[in-house]
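Before any comments, here is the structure.
The values are calculated or read from the model by the stated rules, or taken from the named source; none is laboratory data. The shown structure was predicted, so the numbers you read here are calculated from the model rather than taken from an experiment. Ideal geometry is used to build each Cβ from the backbone, glycine not excepted, and the neighbour counts take in all protein chains shown. Please note that ligands, DNA and RNA were not included when accessible areas were found on the heavy atoms of the full protein model with its side chains. Shrake-Rupley method; radii C 1.70, N 1.55, O 1.52, S 1.80 Å.
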Amino acid sequence: MNNAQEQIAAGLEQVFWSRGFAEPSVPELRAGVGVSMRTLYRHFPSREAMILGALEYRHRRYLRYVREGVTGPGQAAAEQLFDKLGGWMRITDGKECFFRQALAANPDSTEIKATVIRHKGELLKFFGELAGQEQFASTLYLLHEGVTACYAEMREQAVEDAKKLVRQMFKDAREKRLS
């Protein structure tokens, strides 16, 4: 994305985050972003392209956030991931996954589905790298998605429970290697 697209995508992300994916019309999106209709359509030629732009912006922003300051690889890094996720959930008021919301509002869009799958796949790969053990990637992914889904009700308990399970996972792996 160039600078103009990035700024517009950031504005689109905020409008979709606050209003949802089904509700805002293109004129409302344009007003929320603060550009002309012509500029909006030049960079994102359809409503679906606007959603995809917001998703791409969010994808990069989230990965940058969870990677920043996390040691790695190993148990400490895996636990830090959940500290970072807890911080993200506080920033986003415990709302559920932006990507899943986009897909739920646009279930027939193959491009949105592909973008969600790519985002989740990159998270899965990152989690394996973060743990330093590929076999932990899917467990970390499941814990990550679970915390995201239940944070609104469980708050920090969800984060602490995930970290407890991460510690147990690493302990079990150490014990298995020693036996």
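Here the stretch 65-135 is treated as a sphere whose radius is the Kirkwood value from Cα pairs; by Stokes-Einstein at 20 °C and 1.002 mPa s it diffuses with a coefficient of 160 µm²/s. Rolling a 1.4 Å probe over the heavy atoms of the protein chains gives the stretch 4-102 an accessible area of 45 Å² per residue.
At 0.36 nm per residue, and after removing the present C-alpha to C-alpha distance, how many nm does the segment from residue 152 to residue 92 gain when stretched out fully? List each step's numbers first, then the result.
Numbers: separation 60, 0.36 × 60 = 21.60 nm, distance 1.01 nm.
Taking residue 152 through residue 92 to full extension adds about 20.6 nm, to one decimal.
Just the number, please: carbon plus sulfur as a percent of the accessible area of the stretch 20-179, 1.4 Å probe, no ligands or DNA/RNA counted.
Numbers: 4520 of 8260 Å².
Heavy-atom surface of the stretch 20-179 belonging to carbon and sulfur, 1.4 Å probe: 55 percent.
This structure gives volume of the Cα convex hull per residue in Å³, computed directly, and of [x] 131; [y] 184; [z] 113 that value is listed as [z].
Here's the list of lysines a cross-link from residue 163 could span, going by alpha-carbon distance under 21 Å and ignoring same-chain residues fewer than 8 apart: 84, 95, 120, 125, 171, 176. Note on residue 160 and residue 177: the model spin-label points, each 7 Å out from Cα along the C-beta direction, lie 2.9 nm apart.
In this rough spin-label picture, where each label sits 7 Å from Cα along the Cβ direction, the residue 61-residue 17 distance is 0.4 nm.
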